[in-house]
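The values are calculated or read from the model by the stated rules, or taken from the named source; none is laboratory data. All of these numbers come straight from a predicted model, not from anything done at the bench. Virtual Cβ from ideal backbone geometry, glycine too; neighbours counted across all protein chains shown. The accessibility values were calculated without ligands, DNA or RNA, using every heavy atom of the protein model including side chains. Shrake-Rupley method; radii C 1.70, N 1.55, O 1.52, S 1.80 Å.
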Amino acid sequence: MKGKLGLLAAMLVLAGCATASEQLRVYTEQYPPYNMTTSGQPFAHSESEITGLCTDVLKAVLENAKVDYSIKLRDLSYGMNRAQRHEDHGIYCVSKTDEREPFFEWVGPLSSIKWTLFAKPGSSIKLDDIEDARDYRIGGYKGDVMTGYLEDKGFDVSAITNNGLNAKRLEQDQIDLWVADGLAGPYLAADASDVTGLEAVLVFRETPMYLAINKDSDPDLIKALNTAYQAMQESGEIDTISRSYGL
């Protein structure tokens with residue numbers, strides 16, 4: 001009888017460990033230089049195919065926390081939907097908006113974005129503050145927090161699903177300005193539209209970006225990730241990774 005009880009106890013312990021060590025499934029989008037595929041393709045099935053500033057920080061956090069994980073690169077809406085609907089699923093790098101906050105636990109910030117208005121190369125547009133942009137047509141990215149902010153404020157925004165093509169729209173005078181991150185904008189323009197030399201005419205806000213994990217995920221997992229992140233921040237490891245990308 002004693003032997004059977006011991007075997008039962010061992011099985012319960014193993015079952016508990018299996019639950020606690022469930023794989024964290026993480027999604028991201030093509031958003032260089034924060035998240036991007038090594039091949040340049042707009043999707044990836046393995047973490048080994050994904051790099052970038054946020055990716056490097058996140059991988060270090062996950063490994064320091066000794067978490068089993070997978071990372072896939074899809075479009076933003078797909079990853080957000082998966083992370084919002086399934087426990088032990090997450091998405092990065094995303095901003096913590098009022099609409100998103102109740103659905104997730106947050107780890108980070110992994111980096112931050114500078115909300116920038118770009119004009120075409122050689123443009124004479126000058127802006128002192130964001131209100132000066134009300135007279136212009138602004139290109140944006142559907143589902144993006146910067147685009148949503150301007151739309152909510154009543155600016156003239158035309159949003160599309162391929163953000164990098166906004167650079168071509170600038171060049172062809174379909175829009176006057178493009179709202180994008182100050183670091184990512186030039187990458188996207190060169191990659192999607194072969195446009196270089198954009199004019200950054202105004203930086204009007206800065207927001208942190210996080211790993212967002214489904215709120216019903218294992219609390220021990222969330223705790224381990226936040227503990228690992230805090231230790232990396234205090235040691236300067238996160239700053240070291242950021243500097244390698246020119247920040």
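What to note about this one:
For (1) within 17 Å of L221 (Cα to Cα); (2) modelled with pLDDT under 95; (3) among the charged types (D, E, K, R), each residue gets a yes or a no:
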residue	(1), (2), (3)
T19	yes, yes, no
V26	yes, no, no
Y31	no, yes, no
M36	no, yes, no
G40	no, yes, no
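- Residues being open to solvent by 50 Å² or more (accessible area, probe 1.4 Å), at pLDDT below 95 and of a type in the set (G, A, S) - total across the range 151-196: 0
- Residue selected from the range 228-247 under the condition touching a residue at least 40 places away in the same chain (Cβ under 8 Å), part of a helix (DSSP H, G or I) and not polar (S, T, N, Q), by the criterion surrounded by the most Cβ atoms within 10 Å (Cβ to Cβ): Y229
- Positions within the range 79-98 being out of contact with any Lys or Arg (no Cβ under 9 Å at 6 or more places or on another chain) and farther than 14 Å from K215 by Cβ, in sequence order: N81, Y92, C93, S95, T97, D98
- Looking across the range 104-146 at every residue that is β-branched (V, I, T) and over 30 Å from D239 (Cβ atoms), the one that is most open to solvent (accessible area, probe 1.4 Å) is identified as I125.
- Selection count, the range 218-227, where residues are open to solvent by less than 30 Å² (accessible area, probe 1.4 Å) and within 19 Å of the chain's Cα centre (by Cα): 2
- Which numbered condition D144 misses (of (1) among the charged types (D, E, K, R); (2) at pLDDT below 95; (3) over 18 Å from the mean Cα position of the chain (by Cα)): (3)
- Test: residue in the range 65-84 that is under 12 Å from the mean Cα position of the chain (by Cα), at pLDDT 95 or above, crowded, with 21+ Cβ neighbours inside 10 Å and part of a strand (DSSP E or B): yes
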